[in-house]
Amino acid sequence: MNRHPTLLLAVHGTRDPHGTAVAHSLALRVAEVTHRPTRLAFADVLAPSVGDVAATIPGPLVAVPAFLASGYHVRTDIPRQLALAGRADAVITPALGDHPAVLDTAVRRLAQAGHRPGDAVVLACAGTFDPHARAELDQARARMSQRLGAPVSLGFIATGHPTPAQQVRRLRSQGHPRVALASWLLAPGLFHDRLAGAGADVVARPLCPDPAIAHAVAARYHQAAIAQPA
């Protein structure tokens, strides 16, 4: 049995090979940071699933959902997969969205993309119908607004309204000459690809790959591992 809990990094799968490569890269970086056994699993779209990987792990287990809000996958799907795999004993950490390193990375990506003071900003996220997750996304928007010292609007790429394109049109109609899209997405894929057609002047890259995200995962793991017996 492992002396330390295995870290199961649970990500949302993507059919974009670049996005999948980013997920594997993140898992490798997390293992380097934590010096702990680390396994990658997919909550959706790709295999191996969270349940399949969890069933093969002996000893204590800490699952870190690599999601930016606590929607369906974090609150329902991942716990259910673990339970069905006989790993209801696993500790599941909170999602990553409120970790300071995530906001730091999003702001840095925005600056790298060409954001200028005075630009209208839309925080582009996948979206959710879950009210708890929606509140978390609004909190992320408020934190970014405070960091930038300017208003920030939310745009929902896949689930919910308004979409980033609708927000861009609204801001332009209000007289904003430049609109920047900040990315609240971890990896490249279909959702980020859609932002290219939203009509913004600036589109920030996804948050990964970035060492800070691996450190956020590591922090979640270490906090949870303290509660588990060695």
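Below is a table of values for the structure above.
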| quantity | calculated |
| --- | --- |
| Residues of segment 194-208 classified as open to solvent by 50 Å² or more (accessible area, probe 1.4 Å) and without any contact (Cβ under 8 Å) to a residue 60 or more places away in the chain, total | 3 |
| Meets criteria (outside the structural domain of residue 188 (by the TED database), open to solvent by 60 Å² or more (accessible area, probe 1.4 Å), touching a residue at least 12 places away in the same chain (Cβ under 8 Å) and touching an Asp or Glu at 6+ places or on another chain (Cβ under 8 Å)) for residue 12 | yes |
| Sole residue being surrounded by 18 or more Cβ atoms within 10 Å (Cβ to Cβ) and either in contact with a strand residue (DSSP E or B) (Cβ under 6 Å, 6 or more places away or on another chain) or among the acidic types (Asp, Glu) (or both), chosen from 36, 29 | 36 |
| Total residues in segment 123-162, condition part of a loop (DSSP other than H, G, I, E, B) and either open to solvent by 40 Å² or more (accessible area, probe 1.4 Å) or within 20 Å of residue 12 (Cα to Cα) (or both) | 8 |
| Some residue of segment 48-67 being within 24 Å of residue 140 (Cβ to Cβ) and surrounded by fewer than 20 Cβ atoms within 10 Å (Cβ to Cβ) | no |
| Test: residue in segment 138-155 that is of a type outside the set (A, V, I, L, M), under 18 Å from residue 75 (Cβ atoms), in contact with a helix residue (DSSP H, G or I) (Cβ under 6 Å, 6 or more places away or on another chain) and free of Cβ contacts under 8 Å to residues at least 60 places away in the same chain | no |
| Test: residue 181 is open to solvent by less than 80 Å² (accessible area, probe 1.4 Å) and in contact with a Cys (Cβ under 8 Å, 6 or more places away or on another chain) | no |
| Test: residue in segment 162-181 that is within 24 Å of residue 26 (Cβ to Cβ), modelled with pLDDT under 95 and not charged (D, E, K, R) | no |
| Qualifying residue in segment 34-45 (condition: over 18 Å from the mean Cα position of the chain (by Cα) and touching a residue at least 60 places away in the same chain (Cβ under 8 Å)) | yes |
| Yes/no for residue 106 being in contact with an Asp or Glu (Cβ under 9 Å, 6 or more places away or on another chain), closer than 16 Å to residue 142 by Cα and surrounded by 20 or more Cβ atoms within 10 Å (Cβ to Cβ) | no |
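The values are calculated or read from the model by the stated rules, or taken from the named source; none is laboratory data. Quick caveat: nothing in here was measured; it's all calculated off a predicted structure. Virtual Cβ from ideal backbone geometry, glycine too; neighbours counted across all protein chains shown. Ligands, DNA and RNA are stripped out before the accessible areas are found, and what is left, the full protein with its side chains, is counted by its heavy atoms. Shrake-Rupley method; radii C 1.70, N 1.55, O 1.52, S 1.80 Å.
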